[in-house]
Amino acid sequence: MRGITLKFHGVKFLSGIPARNYYISTPIFYVNAFKTIDIHHDLENTPHIGHLYSAVIADSINRFKFLTGVENSIFSTGTDEHGLKVEIAAKKGLANNVNLKSSFQQHRQANKDKLSTTSKPTLEYCTKVSSEFHALFKKCNVNFSDFIRTTDPRHLSTVNKLWKRLQKNGHIYEGFYSGWYCVSDEAFLKQSQLKELKGDEGKTVMVSAESGHPAEWTEEKNYMFRMSSFKDDLLYWLKDSKKYIYTSKLHTMIEEVSLGDLSISRPIERIHWGIPVPGDPSQCIYVWVDALANYLTVAKVFDDDSEGNELNLKNWPPDIQVIGKDILKFHGIYWPSLLIAAGLEPPKSLFVHSHWTVDGEKMSKSRGNVVDPFDRADAYTPDGLRYFLLREGVAHSDGNYSDKKIVNILNSELADTFGNLLNRCTGKSLNPNQEFPSLKQSDIDKLYKSNDQTQSETCEKLLESLTALPDKVRIYYSSQEFHRVADAVMEVLRITNKFFEAQRPWDTAKRLKMLYKEKDRNDALIDTTQAELNAILSLSMESLRICGIILQPMIPVLSSTLLDRLGVSITKRMWTDASEFSWLGAGKNGNPLDSKGNVPLFMRIIKVFELKALDQVVG
Ligand code: MSP
C-alpha cells in the first residue's frame, strides 16, 4: 500500500510507504572548527559545546523515537571536509599560528594546482579532526548509526549523480558571475550584506557586514542552479511541513533569496579541495551542495543505479533534520530546492535550534571563550553535560553557558532531587531487604486515606502528577521541548521527595525494629507496619522508575544505572512501561534491587570548572 501523494514542480512523490526507515540527521561539522586557548596553549581544530548540542538534540529525538516503538532508524552525523578554509587549516597543521587573511591571499596566488580530492596531507588532517568529533559523540553517547565524511568515496559518487540528475532535468546552466566575494566566508555578498571601511592607506575597502571579513570584486564563470523557479514549491513545502518558530523567518528569506539563481560551482583557482564538476575539471562543486548531499549519501538514494536514474526511496525523505539557526538558509531554501529539482521529496521537517553564548557573548577563538566539551564531559560527566544543554537550551533564544550555572543545576536536580531520592529508597537502613517491594492498590489507598492531612495530600498530589506525566511529556518530546521535559520530570521528583518527607518512613522503620524486638511479637502488627513502609518506598521507587524511563533519551547512562539499580528488566523500559503503574500491571514489582548498582547515582559537584584551575568551591 502506498501513502499520500505530494506534488512539487510537476514531480510526484510518494510518501508514507510502510517499510520506510525513520531518518534523522545532524548537520555535518566543519573540520576547521576552533577550540579555545586553554592552559596548555594548544589551539586545535576540535569541536565545541555548540556542535555537541546539535548532536545531543538529534540523539535524544532518536532515542525518544526508539522508546515509542520506532525500530528501524537511521541517525546520521559526520564531518564536512571540503573547501578552502579546510585546505588552509590543513596546510598549516594546527591552526594556532594561522593568520587566515594572509593565508587566503597566499593561497589564491599559489593555487595553480589541479582539483584534488585525494591530497594526502589534507586528508590526514581531515581524518584527525573528524576523529575528534567521532570521539566526542561516542564519549557523550550520541548513538549515531552512520558517521559520514564528505571525503568518503561513497559521497563522491552521490554528489556526481546528484549533479547529473540536476543537469539532466535542465536545472543547471553555465553563467557568468560577478559580485563581491568574501573569501573567508566563501560566499558572494549582496549590497545589503556589505559595509565600506577605510583601509590602511585611507583606501575604501569592502567587508562583510556580518563577519567583518574583506570582500573582493570578482568576475568568473560559474555553473548556476535555477533556484528561482522553485519558489512556489518552496512555499508549498513550507506550508505543508512543520518548521516551528522559524517559519516566518523562512518566508522572508525565500522572498529575498529565491529572487535569484544559485551559483553552484567555483573555479579551481579559488577552491581546489573539493569535488570536481562532472565533465568540467576547471570547476569545483560549491561546498554547500557537496555538504547537503551527505544526507542523500547516508540514505543510499542513488546506490541502486550507477547513473543515478533509479532512486532508492527506502530511507527517503528525512523525517527530521536538526540544524542550528545559522544554517537555516541552506537547509530551508537551497536544500529543498535542490531536492525538488532532482525529483526528490524535501525533508518532512527541520528542527532549528538556537546558539550557545558564553557569559552573553558569542563563542569565539579570539575571545578565548570557546567551551571545550571534552573537558566539561570529564568534569560534569557526559550525561551531566547533556542534561544541562537540553535543559537550558530553548529553540527561540540563545542559551548562555556558564560553569556556575551548570554546577548549580546538576547539583540541585540530578544529585539532590533525583539521585538522593534513589539513595533514600534503596539505602539499607530503610530497605534492609534490598528490594523494590510489591504494592497493591489497597496499600496505596491506605496512604491516600491517612489521617495525617499532609500525608494524604502529598500522596494524592504524587499520584495525580505521576499519572499525568507520561502523556504530558510525550507532547514535549514530540515538539523537541526538552527543557519542558526536564521541568515536568523534576517537578514530579520534587513532589515525590515531599511525599517521602511527609510519610517519615524512618519513623515507620524504627517502629518496625521495636516491634521485632518485643518479647510478645505481634506478627499481624509487624505485617501492617512493614506493608506501610513498603508502600512508601515502593511508591517513591515507582516515581523514580517512571521518571527514569522518561529521561532515557536525555540522560541515557544515568537512567539505565537507575533502572538497573531498581531491578527493572531491560525489556520493561519502553514508553508504554512508563504509562502504567507497576501495581496495576501484571505484578511487575517486588524485584530484588541490583546490589552492583549500590553507588550514588550522581555525585554532587563541589568545584566549578575553571579554564585555569579547578579551584572555585561552590557556595
Ligand atoms: N558544515 C556546516 C553544516 C553543513 S550540513 C549539510 C556547518 N558546520 S558547523 O560545524 O559550523 O556547525 C554545525 C552545527 O553546529 C550547526 O548546526 C551549528 O548551528 C551548530 N553550532 C555551531 N556553533 C554553535 C553554537 N555556538 N551554539 C549552538 N550550536 C552551534 O555549519
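Return the carbon/sulfur percentage of the accessible area of segment 251-351, one whole number, probe 1.4 Å, all protein chains in place.
Values: 1400 of 2740 Å².
C and S atoms contribute 51 percent here.
With each label modelled as a point 7 angstrom along the Cα→C-beta vector, the Ser366-Lys607 pair spans 3.3 nm.
Cross-link list Lys300/Lys472; Lys190/Lys300; Lys404/Lys572; Lys91/Lys161; Lys138/Lys607: which exceed 32 angstrom alpha carbon to alpha carbon? Could you put the intermediate results ahead of the total?
Values: Lys300/Lys472 37 Å; Lys190/Lys300 36 Å; Lys404/Lys572 37 Å; Lys91/Lys161 30 Å; Lys138/Lys607 25 Å.
The pairs that break the limit, which is 32 Å between Cα atoms, are Lys300/Lys472; Lys190/Lys300; Lys404/Lys572.
Between Asn312 and Lys231, the FRET efficiency from the beta-carbon distance, with R0 = 22 Å, is close to 0.15.
In whole angstrom, how long is each semi-axis of the equivalent ellipsoid of segment 321-448, when you take the square root of 5 times every eigenvalue of its Cα gyration tensor and sort them from largest down?
On the way: eigenvalues 364, 124, 29 Å².
Value: 43, 25, 12 Å, ordered largest first.
If I take R0 = 30 Å and measure r between the Cβ atoms of Val205 and Ser131 in this structure, what FRET efficiency does the formula 1/(1 + (r/R0)^6) give, to the nearest 0.05? Present the calculation step by step, with values, prior to reporting the outcome.
Values: r = 39 Å, r/R0 = 1.30.
Efficiency, rounded to the nearest 0.05: 0.15.
Estimated at the nearest 10 Å², the accessible area of Cys425 is 0 Å² with a 1.4 Å probe.
Would you mind classifying segment 309-387 by shape? Square roots of the alpha carbon gyration tensor eigenvalues, ordered a ≥ b ≥ c; an a/c under 1.5 is rounded, otherwise it is prolate if a/b is larger than b/c and oblate if not. List each step's numbers first, then the result.
On the way: a/c = 3.49, a/b = 2.07, b/c = 1.69.
Here segment 309-387 falls in the prolate category.
For Lys92, the aspartates and glutamates whose Cα comes closer than 15 Å to its Cα, not counting residues fewer than 8 places off in the same chain, are Asp42, Glu44, Glu124.
A straight Cα-to-Cα reach below 18 Å connects Lys461 with the aspartates and glutamates Asp443, Asp445, Asp452, Asp471, Asp487, Glu491, Glu501, Glu542, Glu580, residues fewer than 8 places away in its own chain not being considered.
Place a +1 charge on the Cβ of each Lys and Arg in segment 272-389 and a -1 charge on the Cβ of each Asp and Glu, then give the dipole magnitude about the Cα centre in debye, rounded to the nearest 20.
Result for segment 272-389 is approximately 500 debye, rounded to the nearest 20.
Rank by packing, highest mean first: peptides 219-229, 333-343, with packing defined as the count of other Cβ atoms within 10 Å averaged across residues.
Working: 219-229: 17.9, 333-343: 23.9.
Put in order of decreasing packing, that is 333-343, 219-229.
If R0 is 60 Å, what FRET efficiency do you get for Ile526 and Asn21 from their C-beta distance, rounded to 0.05? Spell out each step's value before the answer.
Details: r = 56 Å, r/R0 = 0.94.
Using R0 = 60 Å, I get an efficiency of 0.60.
What number comes out for the charge environment of Lys221, summing +1 per Lys or Arg and -1 per Asp or Glu over other residues with Cβ under 12 Å away? Display every interim value, and only then the final one.
On the way: positive: Arg266, Arg270; negative: Glu174, Glu219, Glu220, Glu269, Asp280.
Taking every Cβ under 12 Å from that of Lys221, the sum is -3.
Heavy-atom accessible area per residue, segment 345-489, 1.4 Å probe: how many Å²?
Details: 5950 Å² over 145 residues.
Each residue of segment 345-489 exposes 41 Å² on average to a 1.4 Å probe.
The values are calculated or read from the model by the stated rules, or taken from the named source; none is laboratory data. The model shown is predicted, which means the values in this text are computed figures rather than measured ones. Quick reminder, even Gly has a Cβ in these numbers, built from the backbone with ideal geometry, and neighbours come from all protein chains shown. Accessible surface is based on the protein model in full, side chains and every heavy atom, while ligands, DNA and RNA are left aside. Shrake-Rupley method; radii C 1.70, N 1.55, O 1.52, S 1.80 Å.
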